[in-house]
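Engineer: Before anything else, here's the structure in question.
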Amino acid sequence: MNTADNVVEMRSISKGFNGVSVLKDVSFDVRKGEVHALAGGNGAGKSTLMKILQGVYQADAGEIVIGGKPATINSIQDAKAAGIGMVFQEFSLVPSLTVAQNIFLAAEPLGMGGFIDDRASVRRAKEVFAEMEVDVDPQAEVSRLGTAYWQLTEIAKALSQNAQVLIMDEPTASLARHESEALFELIDRLKQRGISIIYISHRMDEVYRLADRITILRDGARLLTEPLTAVTPEQIVEGIVGKKIEGQLAYRERDHVAHEGAPLLEVRGLNAGPRVRDVSFSLRPGEILGLAGLMGSGRTELARALFGIDRRESGEILIRGEKVNLNSPQQAIDAGVALIPEDRRAQGLVLDHSVRDNLLLPLLGQITRGPFLDSMKGKDLSSSLIKKFAVKVAHPNRPVRLLSGGNQQKVVIAKWLGTDPDILILDEPTAGVDIGTKSEILDMIRELASAGKAVIVISSEYPELLAVSDRVLVLKDGSVIRDIPRSDIADEEYLQLAVQGV
Ligand SMILES: Nc1ncnc2c1ncn2[C@@H]1O[C@H](COP(=O)(O)OP(=O)(O)OP(=O)(O)O)[C@@H](O)[C@H]1O
Ligand SMILES: [Mg+2]
């Protein structure tokens with residue numbers, strides 16, 4: 001292959017932070033019109049490599065060649081000028097502006113007298129969306145739109161700046177299933193127009209659906225670059241994790257589930273807002289209950305109501321047979337309930353605080369001595385949690401913000417398990433974690449149940465839901481439409497039909 005076919009080449013890139021080497025001599029190239037998957041475990045260096053291409057960080061060594069010529073990329077502006085656009089994991093839009101205003105924020109078409117010409121922006125935005133073959137109203141205020149539209153706006157923004165290469169870092173993490181499918185179709189169309197896409201994802205099915213080639217990073221070094229057709233799924237998984245993992249997604253019945261006896265949690269006729277309507281179910285110690293449903297079916301809202309975030313309007317919640325009032329998260333924690341939220345960055349972590357402080361936040365009650373914090377005890381507790389969950393961090397006092405996405409997720413989980421809850425609710429627990437960690441988290445969920453805890457798992461990945469759930473509750477429009485024992489669910493398709501209410 002002639003190197004002139006490469007739109008982008010990164011040659012022997014190395015990068016360290018505070019003396020810690022994060023990328024070691026990594027070479028990576030992208031051809032015109034290809035989808036190149038960038039894979040690797042949490043903290044392997046994927047986002048960092050892309051931030052270098054994007055001008056957010058500068059490499060310590062190595063060079064970047066664009067269109068066959070050496071390029072200096074010292075800023076996001078440089079990257080844009082070189083035709084590189086990024087669809088950020090954390091969106092970079094201004095919520096109070098319209099879609100069109102966001103697209104042309106940095107490069108507004110100027111009208112007479114130098115004012116932003118709103119009409120021209122709207123017209124041009126319409127053209128870009130028409131080329132993308134998607135339906136987005138350029139005049140809608142971004143804050144009123146869902147994440148799928150934010151993403152389309154970001155893509156339109158990059159395309160309007162003539163991006164030839166689009167970097168997508170875990171783009172489906174915040175999308176519903178049908179939205180992901182729409183994104184994949186858009187990627188197919190962009191490819192046909194010669195746009196190249198660098199696609200970072202922990203989901204193997206997406207990599208197989210989209211990618212022409214794959215590069216795997218391990219611990220900051222490049223392990224391989226191959227066409228997808230030249231490697232088996234097993235090789236990819238082993239390459240990412242560094243060892244073989246088997247039977248990750250196989251359901252294993254646990255015999256200690258108490259099939260009789262008193263429920264740990266009972267919910268009767270619960271109403272809380274428009275998306276929790278007359279919900280009733282019970283949960284025994286040792287049981288794992290999966291919540292399935294489409295986006296908007298009320299899964300997250302049910303979790304929030306059980307954790308005292310959303311107000312209960314009517315109905316009853318009983319824990320160990322006693323009626324409880326869960327009007328705040330603190331009351332829920334005191335009653336032995338923990339929620340690991342879906343949106344870890346917004347709800348799960350204080351990003352500027354240290355890993356240790358984040359871990360200890362729900363545990364403050366246990367580590368105070370009179371009015372003082374017992375800092376030794378705090379150190380011990382946080383260190384043991386970091387070890388137990390294999391959180392990759394140079395030192396516990398480093399801000400959580402500096403951790404890779406997946407390691408932030410581990411901190412959220414470790415933090416809540418530290419409170420030793422009896423009832424544990426996990427909302428999309430494996431979002432953003434690598435496949436190795438994913439199987440560890442699923443094992444952990446099974447272990448917690450085996451230890452007698454009651455667990456509720458929300459997941460939009462059916463294989464994952466089926467791997468751990470002993471029962472699946474199907475929600476639709478806020479109501480329970482099915483309550484199915486795992487043994488009655490033949491396969492993924494069965495569940496999919498149940499979710500659609502068929
Ligand atoms: N600004 C920074 N300062 C210090 N360390 C950093 C910084 N940015 C990243 N790191 C470290 O570099 C390593 C690689 O992080 P990176 O975010 O690139 O991983 P990743 O492959 O994207 O992982 P994930 O799949 O979890 O998103 C991590 O150990 C991370 O803590
Ligand atoms: Mg990352």
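Each value in this text was obtained by applying a stated rule to the coordinates, not by laboratory testing. All values reported here derive from a predicted model rather than from experimental measurement. All Cβ positions, glycine included, derive from the backbone under ideal geometry; neighbour counts span all protein chains shown.
Engineer: Taking +1 at the Cβ of each Lys and Arg and -1 at the Cβ of each Asp and Glu, which of Pro95, Tyr149, Gly261 sits farthest along the dipole of the chain towards its positive end, judged by Cα position relative to the Cα centre?
Structural biologist: It is Pro95.
Engineer: What list of ³J(HN,Hα) couplings, whole Hz, do you get for the stretch 197-206 from phi and the Karplus terms 6.51, -1.76, 1.60, once you set θ to phi - 60° and write x for glycine and proline?
Structural biologist: 10, 9, 10, 9, 7, 8, 9, 5, 4, 5
Engineer: Could you name the aspartates and glutamates in cross-link range of Lys379, using Cα to Cα under 19 Å and dropping any fewer than eight places away on the same chain?
Structural biologist: Qualifying aspartates and glutamates at Cα under 19 Å: Asp352, Asp357, Asp420.
Engineer: Let me ask something additional. Can you tell me the orientation of helix 435-450 relative to the chain, as the angle in degrees between its alpha-carbon axis and the longest Cα principal axis, to the nearest 10?
Structural biologist: 10
Engineer: Now for a different question. List every residue whose amide H lies under 5 Å from the amide H of Asp219, counting only residues 5 or more places away in sequence or on a different chain, with H placed 1.01 Å from N in the peptide plane.
Structural biologist: Under 5 Å from the amide H of Asp219 lie the amide H atoms of Gly41, each far enough along the sequence or on another chain.
Engineer: Would you work out which of Ile245, Ala176, Leu270 lies farthest towards the positive end of the dipole of the chain? Charges go on Cβ: Lys and Arg +1, Asp and Glu -1.
Structural biologist: With unit charges placed on the Cβ atoms, the residue in question is Ile245.
Engineer: Also, I was wondering about something else. List, in order, the whole-Hz ³J(HN,Hα) value for each residue of the stretch 482-498 obtained from phi through the Karplus relation with A = 6.51, B = -1.76, C = 1.60 and θ = phi - 60°; use x for Gly and Pro.
Structural biologist: 8, 9, 10, x, 4, 5, 8, 9, 5, 7, 4, 5, 4, 5, 4, 5, 4
Engineer: While we're looking at this one, here's another question. For Thr98, Thr368, what ranking results if the residue with the fewest other Cβ atoms within 10 Å of its Cβ goes first?
Structural biologist: Least to most surrounded, the residues fall as Thr368, Thr98.
Engineer: Follow-up question, since we're still on this one. Taking amide hydrogens as modeled 1.01 Å from N in the peptide plane, which residues meet the under 5 Å criterion relative to Val7, leaving out close sequence neighbours?
Structural biologist: Val30, Arg31, Lys32
Engineer: Considering only DSSP states other than H, G, I, E and B, which trypsin sites (Lys or Arg not before Pro) in the stretch 207-299 qualify as loop sites with at most 12 other Cβ atoms within 10 Å?
Structural biologist: Filter output for the stretch 207-299: Lys243, Lys244, Arg252.
Engineer: For Asp374, list long-range residues whose amide hydrogen, built 1.01 Å from N in the peptide plane, is under 5 Å from its own amide hydrogen.
Structural biologist: Thr368, Arg369
Engineer: Dipole of the stretch 3-241, Cα-centred, from +1 at each Lys and Arg C-beta and -1 at each Asp and Glu C-beta, to the nearest 20 debye?
Structural biologist: Charge dipole, the stretch 3-241, about its Cα centre: 400 debye, nearest 20.
Engineer: Tell me, Val472, Val267 in order of fewest to most beta-carbon neighbours within 10 Å?
Structural biologist: On the way: Val472 26, Val267 21.
Ranking Val472, Val267 by Cβ neighbours within 10 Å, fewest first, gives Val267, Val472.
Engineer: Count the DSSP beta bridges whose two residues both fall in the chain, then state the antiparallel fraction as a percent rounded to the nearest 5.
Structural biologist: 55
Engineer: Further question: With +1 on the Cβ of every Lys and Arg and -1 on the Cβ of every Asp and Glu, and nothing else charged, how large is the dipole of the chain about its Cα centre, in debye rounded to the nearest 20?
Structural biologist: Values: 58 positive and 68 negative charges, 247 e Å.
Roughly 1180 debye, rounded to the nearest 20.
Engineer: The stretch 255-362: percent of C-alpha pairs farther apart than 18 Å?
Structural biologist: Numbers: 3151 of 5778 pairs.
Considering the stretch 255-362, 55 percent of its Cα-Cα pairs are separated by more than 18 Å.
Engineer: Okay, next question. Pairs of Cα atoms under 8 Å, at least six residues apart: use those to get the relative contact order of the chain, whole percent.
Structural biologist: Result for the chain is 16 percent.
Engineer: Out of the DSSP beta bridges found with both residues in the stretch 265-499, what percent are antiparallel (nearest 5)?
Structural biologist: Bridges in the stretch 265-499 that DSSP calls antiparallel: roughly 55 percent.
Engineer: Give me Rg over Rh for the chain, both radii from the alpha carbons and Rh done the Kirkwood way, two decimal places.
Structural biologist: On the Cα set of the chain, Rg over Rh gives 0.98.
Engineer: Could you state the angle between the C-alpha long axis of helix 405-417 and the longest principal axis of the C-alpha atoms of the chain, as a value from 0 to 90 degrees rounded to the nearest 10?
Structural biologist: 10
Engineer: Can you find, among Ala71, Ala37, Val207, the residue farthest towards the positive end of the dipole of the stretch 3-241? Put +1 on the C-beta of Lys and Arg, -1 on that of Asp and Glu.
Structural biologist: Projecting each Cα onto the dipole axis, the largest value belongs to Ala71.
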